[in-house]
1. Hand me the tally of lysine pairs in the range 9-72: alpha carbons under 19 angstrom apart, and the pair either on different chains or 8 or more positions apart.
2. Using 0.36 nm times the number of residues separating residue 67 and residue 55, minus their current alpha carbon distance, what extension gain do you get?
3. For the chain, with all protein chains present and a 1.4 Å probe, just round the carbon and sulfur fraction of the accessible area to a whole percent.
4. With a cap of 16 neighbouring Cβ atoms within 10 Å, and only residues DSSP puts in a loop, list the GluC sites (Glu not before Pro) found in the chain.
5. Between exposed trypsin sites (Lys or Arg not before Pro) in the chain, where DSSP calls loop and at most 14 other Cβ atoms lie within 10 Å, what's the longest gap?
6. What full-extension length gain, to one decimal in nm, is calculated for residue 12 and residue 31 as 0.36 nm per residue of separation minus the Cα-Cα distance?
Amino acid sequence: MTSLGLYLTKKSVNRAMVSRRTGISQARLSQLSSNESTRLRADELYLIALAIDVDPSDLLKEVYKDLKLPKG
C-alpha cells in the first residue's frame with residue numbers, strides 16, 4: 001500500500017465520495033492507493049485534500065514524509 005493509501009485508510013476516507021467530488025476515477029484512486037510505481041500528480045493530491053477537507057500541505061507532507069534531499 002502507498003503512503004496515500006495508508007493515509008486514506010487511517011482517516012477512514014470513503015473513496016467513492018472522493019471520486020465523486022474530485023472527478024478522479026475509482027480505478028485511479030485504487031492505483032494511487034495500492035501501486036507504489038503509480039505517480040501522484042500535484043493536481044490530484046490537491047483535489048483529494050480538498051475533497052477530504054484537509055490542508056493540501058499537510059497531505060503533501062504526510063504522503064512524501066520519507067522523501068529527502070540526496071547527500072552531497
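1. On the way: 10/61; 10/65; 11/61; 11/65.
Here the count comes out as 4.
2. Numbers: separation 12, 0.36 × 12 = 4.32 nm, distance 1.91 nm.
Stretched out fully, the residue 67 to residue 55 stretch lengthens by 2.4 nm.
3. 52 percent
4. On the way: sites: 36, 44, 62; in loops: 36.
Passing sites in the chain are 36.
5. On the way: sites that count: 11, 39, 41, 65, 68, 71.
The answer is 12-38.
6. Values: separation 19, 0.36 × 19 = 6.84 nm, distance 1.74 nm.
In short, 5.1 nm is gained.
The values are calculated or read from the model by the stated rules, or taken from the named source; none is laboratory data. None of these values were measured; they are calculated from a predicted model. Reconstructed Cβ throughout: ideal geometry from the backbone, glycine too, with neighbour counts over all protein chains shown. Heads up: the accessible areas ignore ligands, DNA and RNA and are worked out on the full protein's heavy atoms, side chains in. Shrake-Rupley method; radii C 1.70, N 1.55, O 1.52, S 1.80 Å.
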